[in-house]
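No lab work stands behind these numbers, since they all come straight from the coordinates. Bear in mind the structure is a predicted one, so any value in this text is a computation, not a measurement. In this analysis, Cβ positions are derived from the backbone assuming ideal geometry, glycine residues included, and neighbour counts consider all displayed protein chains.
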Amino acid sequence: MTRRTRLVMFGIAAAGLGVVLIYGLAGLPAFGDYHGVYGHVIDRIGVTERHATDLVTALNFDFRAFDTLGEEFILFGSVLGVVLILREVRDDHERPRQQEAEEHSFAGASAALRAMALGLIPTLIALGVYIVVHGQITPGGGFQGGLILAAGPLAVFLAGRYVRMKRVAPHAMGEIGDAAGAMGYALVGLGGLVFAGVFFKNFLPLGIPGHLLSAGQIDVASVAVGLEVSGAFLVAWSEFLDQAILVRRNGAR
Amino acid sequence: MTVLQAAALAAVALTGGGVVLATDPVRQTLVLGVFGIALTMLFFVFQAPDVALSEIVVSTVGLPVMILLALRKVRRQERDRKEEGE
C-alpha cells in the first residue's frame, strides 16, 4: 500500500469518525448533569444497609461483587498465561546463572538510592496494608493496596539486590498469595450462598459504620483481593525479572 | 467546570500527546509515568479518588516495570543474536 492510498483511507475514516463524534458530543447532557438512577440509590443505601462509607468499594465488593469475581479471575488467568509463556522459553541454562545473579547489582544503585529504597520498603508495606484493610471506609481497597504491597519487595530490587528480593518475596509466596486470594474471594461468595442463601450476599456482622471491622464481607473480600493482586504482580514481575536477568539465549555467553 | 478541572484536562491532553511523540521506548515509558500522574490529577479533581488511586499505582508501579523489563529482554535477545552472527 502506498503512502498516498493510506492517507486517502485515513482521510475517509477520520472524516467519518469526526462526523459521528460531533453528532454524539452535541447530544451529551450538560457538564456535571447526572441522569443515573443507580448512583442515587447506592448513595442512599450504602451507609444504612451496608455500613460502608466508601461507596465505590461497597459497589465493587458487595453490590456488584459477582462482577469483581470475574475481574479477579481475569487477572488470575492473565498472570497464569504470562507464567506459562515465559517458562516455556526458559531452559537448563538458568541454574549456572544463579551464581551470576548472586553477584548482580546495578552499577547505578548508589548509596542514596539504597537508602531511599530502605525507607521505601516499610512505608510501602504499611501503606499497602492500610489501604487494603480500610477499603470500606476510605478510597482504596484490595486492588490499589495490593499493588502497593507488591511494590515493597520491588524496592529491594530497586536497591540493586535482585536475589535478595527473591529471598524477601520468594516465587512460592507470590504464587500462594495469588491462589489463596482468588480462592478467598470465591469463598466469600460461597459463604453468602451457604449462610445467607444467595451467592455473595453478605453473611458477616455489619458493625458500626466507619470502624475498621465493619461493612461485613467488604473488608474480607478486600483483603482477599489485596492478597491476590499483590501475589499476581509479584509472580508476573519475577517471571519478567528472571527472563531479563537470569535467562539468556541458549549458546550465548 | 472549575479551573482545576480544566487544567487537569489540558494536562492530560498535553502529556498524552507527549507519550505519542516520544519515539525512544525507554523515554516513552517515563513520559507515560507523567501522563499517569496527569490522569491521576484528572480523576482526583473530578471526585473519583478510588480511580485516582488505581491509576497512580498502575501508572507508577505496575506498567513501567513490565514495559522496562520486556524492553530489556528484547534488547538482550537482539544483542545475543548479533553476537551469534559474528
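Rounded to the nearest 500, what is the 222 nm mean residue ellipticity of the protein assembly as shown from helices alone, with -39500 (n - 2.57) per DSSP H run of 4+ residues and division by all residues? Write down the numbers at each step before the final one.
Numbers: 14 runs with 241 residues, N = 339.
Calculated at 222 nm, the ellipticity per residue is -24000 deg cm²/dmol.
Return the average number of partner chain Cβ atoms within 10 angstrom of each residue Cβ along peptide B:50-62. Write out the running numbers ahead of the final one.
On the way: counts 13, 3, 2, 11, 7, 1, 3, 14, 3, 0, 2, 9, 7.
Taking all residues of B:50-62 together, the mean is 6.
Using every pair of alpha-carbon atoms in chain B, split the distances into 10 Å bins beginning at 0 and state the percent of pairs per bin, rounded to integers.
18, 36, 25, 12, 6, 2, 0
Can you give the mean number of other chain Cβ atoms that lie within 10 Å of the Cβ atoms in peptide A:140-147?
Details: counts 5, 3, 0, 5, 9, 2, 1, 8.
The mean count of partner-chain Cβ atoms within 10 Å per residue comes to 4.
Distance in nm between label sites at residue B:67 and residue B:82, each 7 Å beyond Cα in the beta-carbon direction?
Distance between label points: 2.3 nm.
Positive end of the charge dipole of the protein assembly as shown (Lys, Arg +1 and Asp, Glu -1 on Cβ, about the Cα centre): tell me which of A:235, A:61, A:116 has its Cα farthest that way.
A:116
For the stretch A:1-64, what is one quarter of the convex hull surface built on the Cα atoms, given in nm²? Working shown, then result.
Working: hull surface 31.1 nm².
That works out to 7.8 nm², a quarter of the Cα hull's surface.
Evaluate the distance, in nm, between pseudo-label points positioned 7 Å from the Cα of residue A:31 and of residue B:37 along their respective Cα→Cβ axes.
Here the modelled spin labels are 2.5 nm apart.
Please give the charge dipole size of the protein assembly as shown, origin at the Cα centre, charges +1 on K and R Cβ atoms and -1 on D and E Cβ atoms. Round to the nearest 20 debye. Write down the numbers at each step before the final one.
Values: 27 positive and 29 negative charges, 213 e Å.
Result for the protein assembly as shown is approximately 1020 debye, rounded to the nearest 20.
Farthest toward the dipole's positive end in the protein assembly as shown, which of B:53, B:71, A:223, given Cβ charges of +1 (Lys, Arg) and -1 (Asp, Glu) about the Cα centre?
B:71
Take the alpha-carbon positions of the protein assembly as shown, form their convex hull, and give its projected area averaged over all directions (one quarter of the hull surface) in nm². Mind dumping the intermediate values first?
Working: hull surface 92.7 nm².
Orientation-averaged projected area of the Cα hull: 23.2 nm².
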